[in-house]
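*Asks:* Sending over a structure as structure tokens; questions will come in a sec.
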Amino acid sequence: MSQRKIYYFDNNATKQVAPEVIDAMMPFLTELWGNPSSAYSFGNQVGKHVEEARARVASLINADPREVVFTSCGTESNNSAIHSAFALNPDKRHFLTTAVEHSATIKFSEFLKKQGHIVTFLPVEADGSLDLHLLEKSIRPDTAIVSVMWGNNETGVVFPIEEIAAICQSKGVLFHTDAVQAAGKLPIDMKAVGADFISVSAHKLHAPKGIGALYVKRRTRYQPYVIGGHQERDRRGGTENVAGIVGFGRAAELARDRLTGENTQVRRLRDRMEETIVRTIPDAMRNGAKEPRLPNTSNIAFAGIEAEAILMLLDRLGICASSGSACTTGSLEPSHVLRAMGLSPERARGSVRFSLGFYNTDADVDFLLQQLPPIIEKLRAISPLNPEPSAQSKRESRAGRSNHPEKVTVV
Ligand SMILES: *Cc1c(COP(=O)(O)O)cnc(C)c1O
């Protein structure tokens, strides 16, 4: 299977599996195929590698290895934490979350509502931030759990999780955070953050898809979601995805070692890309660009055009980017995250997410910066949505100047 060169700007959807991770996994797909629960040493020795991987994942988030439960993905981790809170507190009916969560939480909330629970989706400000005072006021005596994501997959907006965890602790309510995008991009110290549960996913860390982890704080009661054998200290049934777990462990180790260096490099590329786009393309505006922000993510609205059309033309050149999250692309609905930030449906539909990673180079960014402006210009020329100001600024940019620097709005 041959693959033409791709220019990958969709690292929040998934990441390339690191060669180091593949190397670590191979023995567990070949000679070391025993079941870690078996009593004989052929199986048992595999279990030692699972525990080594658990220690590595724990180390990435500064947790005790016994606090790490392997799951099949970030989605399962989110579902499991929320499910546990309701299963163990049948008298509590309320779930508090935000309007900008990943579908792994939003759709589960909708399911809870159908089951008769009450869900509050906290609104966000225009810059994507949360009003913590409102969050505190929204906690009710019957709130079973609060779930607020750490870093947003669409905009990169980072929520103050330590403060939110402290609020929940002071109110005596369970707190979960979806740290799938934060892990490996921000330092995470579970000894300092008072969260009961956090979700992590391996494929957002250069390991394969189909493996995740749920951190369950020591002494926090937990009701398993997948019920079966005694695996994961009775917290998640099912024979372990050993190769996936070992790969996850190696990826967590790499992420920890690279945390500072990788993010400095990625941030520099992202900033160069983003600043050039908003400076050179008329009516291109950043969404949710206030700091703190994930170092790799950029969400840009191109007035007057549909993101889907931009993505299609980029795809012809081998450039991968997305609108909204990969899980909702193709649904034609404008991003719920951008809508929650108060963007008009038109501006939300004209927004593209570029997310960078460890393997992106300056040459990738140069290629994108060279290809994107003519695509936008071409689409604006044929767009029925094309507003007058864009047509005007298009002419100005052709003439080599733009008098719209103030349109480079940072919201
Ligand atoms: C990708 C993602 C998930 C889902 O993780 P999977 O392992 O794909 O199920 C959950 N939350 C966020 C923020 C994500 O980016």
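The values are calculated or read from the model by the stated rules, or taken from the named source; none is laboratory data. Since this is a predicted model, take the numbers as computed values, not measurements. Here the Cβ is made from the backbone with ideal geometry for all residues, glycine too, and neighbour counts use every protein chain on show. Heads up: the accessible areas ignore ligands, DNA and RNA and are worked out on the full protein's heavy atoms, side chains in. Shrake-Rupley method; radii C 1.70, N 1.55, O 1.52, S 1.80 Å.
*Asks:* It is to be established whether one or more residues within region 151-164 are open to solvent by less than 10 Å² (accessible area, probe 1.4 Å) and more than 15 Å from the ligand (Cβ to nearest atom).
*Replies:* yes
*Asks:* Right, next: Checking M26 against (1) at pLDDT 95 or above; (2) closer than 27 Å to I319 by Cβ; (3) away from the ligand (no atom under 16 Å from the Cβ): exactly one of these is not met. Which one?
*Replies:* (2)
*Asks:* Which of the residues that make up region 93-108 are among the hydroxyl-bearing types (S, T, Y) and either closer than 16 Å to G74 by Cβ or more than 14 Å from the ligand (Cβ to nearest atom) (or both)? Before the answer, list the steps.
*Replies:* First, the residues of region 93-108 that are among the hydroxyl-bearing types (S, T, Y): 97-98, 103, 105.
If the condition is that a residue be among the hydroxyl-bearing types (S, T, Y) and either closer than 16 Å to G74 by Cβ or more than 14 Å from the ligand (Cβ to nearest atom) (or both), then T97, S103, T105 are the ones that fit.
*Asks:* Would you mind finding the one in G156, G116 that is touching a Leu at 6+ places or on another chain (Cβ under 9 Å) and either in the same structural domain as T177 (by TED's automatic domain parsing) or in contact (Cβ under 8 Å) with a residue 24 or more places away in the chain (or both)?
*Replies:* G156
*Asks:* Also, quick follow-up: Taking the condition of being open to solvent by less than 10 Å² (accessible area, probe 1.4 Å), more than 16 Å from the ligand (Cβ to nearest atom) and touching a Ser or Thr at 6+ places or on another chain (Cβ under 8 Å), how many residues in region 123-144 meet it?
*Replies:* 0
*Asks:* Could you please give the count of residues in region 59-74 that are in a helix (DSSP H, G or I) and over 23 Å from A13 (Cα atoms)?
*Replies:* Residues of region 59-74 that are in a helix (DSSP H, G or I), as a first pass: 59-60, 65-67, 74.
Filter once more, keeping what is over 23 Å from A13 (Cα atoms): 59, 65-67.
Qualifying residue count for the region: 4.
*Asks:* Something else: Residues in region 340-372 that are surrounded by fewer than 17 Cβ atoms within 10 Å (Cβ to Cβ) and more than 29 Å from G261 (Cα to Cα): how many?
*Replies:* Qualifying residue count for the region: 4.
*Asks:* Take the conditions farther than 30 Å from T361 by Cβ, within 25 Å of the chain's Cα centre (by Cα) and surrounded by 15 or more Cβ atoms within 10 Å (Cβ to Cβ) and apply them to A58. Does it pass?
*Replies:* The answer is yes for A58.
*Asks:* Hey, can you tell me all the residues within region 20-47 that are under 29 Å from A104 (Cβ atoms), open to solvent by 70 Å² or more (accessible area, probe 1.4 Å) and either free of Cβ contacts under 8 Å to residues at least 24 places away in the same chain or under 31 Å from the mean Cα position of the chain (by Cα) (or both)?
*Replies:* I22, L29
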